[in-house]
Every structure is written in C-alpha cells, then in structure tokens.
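Throughout, read-outs are computed from the coordinates displayed, never taken from laboratory work. Source: prediction; values computed, not measured. Ideal geometry is used to build each Cβ from the backbone, glycine not excepted, and the neighbour counts take in all protein chains shown.
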Amino acid sequence: MGFLSSLFGGGNPIDTFSLDDLRVTEIQLNKKVEVIHSEVRRIDQEVQRTYDQAKASTSKSEEVSYARQIKTLLQKKEMKLLSLAQIDKDLQAVSNILILKEREKDLPADVVRKLKKLDPEKMEKYLIGKKLDTMNDDAQISAIIDMTSSTMEVGVEPEDDLTDILDTIRAGKESSTSNPQEAVKVRKPELE
C-alpha cells in the first residue's frame, strides 16, 4: 500500500481530503525533509571527524576500527537518504494532489469522473513522477487528463564497501604527509 493509499484510507485522494488537510500534510512532509537534511549533515560531519582521526592512527587494527565506524555512519546516512527519497516522493504526490484539487473546476466533467474512479495506487505512481508545480496551466491540465491513461514508476539502490573506505583512509594518510591541503581534496569527493 502506497503513501497516498494509507493517507487516504484506500479512498480516492480527490474526495478524501480538503485543500487545508493537504496543505497541513505538505507542511509536515517539508518539516520531515528539513529534519533528515540536518541529520545527514550531522552524519557527514561525524564521518569527516572519524576520517581525520583515522589519518592519525598508528596501527592497521586502528584503521580497521575507524573504517568500521565510518561504514556504520555511511550506512546510517544511506538509510536517511532512502527515507528522504521516499518522503520526497510522498511530498511530490501531495503537492500534485493539491494542484489537482485546485484545477478540478477547470477539468471536463468526464475527466473528473474518471479521476475519481482511478485506483489510488495508480494515481500515486503517476503523481510521484510528475511535477505539476513546474508546469504552466495548459500543461497541468494536459498532465491531469493524461493521468487517466498512464502511470510512472521510479526506484534506486546503491551500496558501499569497507575496502574502499580503508583505501581512502590510507590515501589520506599518504597525502597528508606530503601535502595537507591535497588530503582534503582527496577525501571530500569520496564522501559524497
């Protein structure tokens, strides 16, 4: 069951919530996005501190310990980013439902009837893939009308490895002994 389906109790989003309810939901989702962004920044700072500590390590066991800490932090970050991606999708869908409800009066009656009969999960998939807020009025109406005949799907899934982290730590150690400013340039791209 998708976000809209759970939010609207399986009913059609057009009929289930008022514009005010949707605006409140949009504000709540925006707040969640802000919170996750700050958590990701905090994790990035912690990863950077751990990398700096790892550069000063004197043994291979310390390096491995720091690498494990970094891997754990990067996994936490990845979970946050996956959560953020889902919230962004939910936010896009809610924003599009808001626009849809605001444009409902401009749509032909048969299109409104079809929209109200549309499966909420199909509607959600379509709305997640559209950015109605970036379209002009005619394009919005065309996209809404198209919703009755098409859907879109999206997905992502990256992964990380301890060996890469250890290599980065060791490269940072080597370059910090030769040029401290170069070490920063080596590490930063690999953290992103």
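On the beta carbon distance between Q45 and E104, with R0 = 35 Å, the FRET formula returns roughly 0.15. Report note on the peptides 43-55, 85-97, 21-33, 105-117: ranked by the mean count of other C-beta atoms within 10 Å, highest first, their order is 85-97, 43-55, 21-33, 105-117. Modelled this way, with points 7 Å down the Cα-to-C-beta line, the labels at S65 and L81 are 2.8 nm from one another.
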